[in-house]
Amino acid sequence: MIMMLSNSEKEWIVTNGLGGYASLTLSGTNTRKYHGLLVASLRPPLKRWVIVSNMLEEIDIGGEKFRLAEYLTDFHNDFFPVFYYSVKNVD
């Protein structure tokens, strides 16, 4: 049986080896209390603080704004997460 997960169920994480990390879902939503783009460990490996919770990215094409999270076409996580978007034939 093959189970397909939605982008709000798939997650990525990048750690710094000192207790800090960045982690979100592919859709860019914080579905867990420990999700964040900048999570620092003040007393490694414990006492973590979410410094930057999230960012919403937009692109302006001819005066029309588009939220990039809605146009995700591909994702790779080789060493760092890389997101690919396509909006109005702009990749």
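The values are calculated or read from the model by the stated rules, or taken from the named source; none is laboratory data. From a predicted model like this one, the values you see are computed outputs, not experimental measurements. A quick note on method: Cβ atoms are made from the backbone with ideal geometry, for glycine too, and the neighbour counts reach across all protein chains shown.
In this structure, residue 27 does satisfy being assigned to a loop (DSSP other than H, G, I, E, B) and not assigned by TED's automatic domain parsing to the domain that holds residue 89. Taken together, the residues in the stretch 16-47 that are exposed (fewer than 12 other Cβ atoms within 10 Å of the Cβ) and on the phi < 0 side of the Ramachandran plot amount to 9.
Of the residues in the stretch 66-79, not one is in a loop (DSSP other than H, G, I, E, B) and in contact (Cβ under 8 Å) with a residue 12 or more places away in the chain.
Check 50, 82 and return the single one that is in the same structural domain as residue 35 (by TED's automatic domain parsing), modelled with pLDDT of 90 or more and either surrounded by 11 or more Cβ atoms within 10 Å (Cβ to Cβ) or under 15 Å from the mean Cα position of the chain (by Cα) (or both).
It is 50.
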